[in-house]
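Here is the structure we will look at.
No value in this document is a laboratory result; all are computed from the given coordinates. Quick caveat: nothing in here was measured; it's all calculated off a predicted structure. Please note: Cβ atoms are built from the backbone with ideal geometry, for glycine as well, and neighbour counts cover all protein chains shown.
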Amino acid sequence: MTVVFVHGVPETPAVWNALRERIDRPTLALRLPGFGSPRPAGLVDKEAYAAWLADELRALGGPVDLVGHDWGAHLAMRVVSGYDVPVRSWVSDVAHGWHPGYRWHEAAVLFQQSPQGEELLASLRADSPDSPSFGDFLRPRGMSGELATEVDAVHDEVMSAAVLALYRSARPHLHAD
């Protein structure tokens, strides 16, 4: 049985590399569209991303063990609660985000606002002179240097738009749906 990993924001599948090396069965780390890959026009909100994930899981042809982190965990929870998918087990590290009283972290609140979200993400892109990148922001919070470098390499306008689409479709919080 395959273990399927889904990364969060602003990460890439590389966040799972060290863990996947320790698992003695098949694993797959999915790349959310827009995070170092093209983002189809139809992926405009969290529900469209959940539908994408459900389709990816169905295409694997059998039950999987699903592991999600951050936004990948929100999407995993949505898929197992609202879609007919072949999931044997699942784990999420953000179940608290579905509580009716949940409050987003400070950066998420900015991502949900326009033009503040656009401005913040533009300032975190590596090509933005005189300001720290996402990697610079996340290294002191525990992100490895290798992953931070990869995040910076893929953080472009497409990724910024994907981040904004996810956060803005979850306002005021995920329980609201």
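Table for the structure above
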quantity: Whole-number Å³ per residue for the convex hull built on Cα positions in the chain; calculated: 115 Å³
quantity: Label point distance in nm, ARG103-GLU146, each placed 7 Å from Cα along Cα→Cβ; calculated: 3.8 nm
quantity: Within the range 5-73, GluC sites (Glu not before Pro) in DSSP loop having at most 13 other beta-carbon neighbours inside 10 Å; calculated: GLU21
quantity: Helical contribution to [θ] at 222 nm, DSSP H n ≥ 4, -39,500 (n - 2.57), averaged over the chain, rounded to 500; calculated: -11500 deg cm²/dmol
quantity: Per-q log10 I(q)/I(0), the range 60-125, q = 0.12 Å⁻¹ (Debye; single scatterer per alpha-carbon; no solvent); calculated: -0.45
quantity: Separation of alpha-carbon centers, the range 148-177 and the range 5-49, rounded to whole Å; calculated: 13 Å
quantity: Total formal charge among the other residues, if their Cβ is under 12 angstrom from that of PRO26, Lys/Arg +1 and Asp/Glu -1; calculated: 0
quantity: Candidates per chymotrypsin sites (Phe, Trp or Tyr not before Pro) in the range 97-177, loop by DSSP, up to 10 other Cβ within 10 Å; calculated: none
quantity: Relative contact order [Cα under 8 Å, 6+ residues apart], the chain, whole percent; calculated: 25 percent
quantity: Expected-Rg normalisation [2.2 N^0.38 Å, Cα atoms] applied to the range 99-155; calculated: 1.25
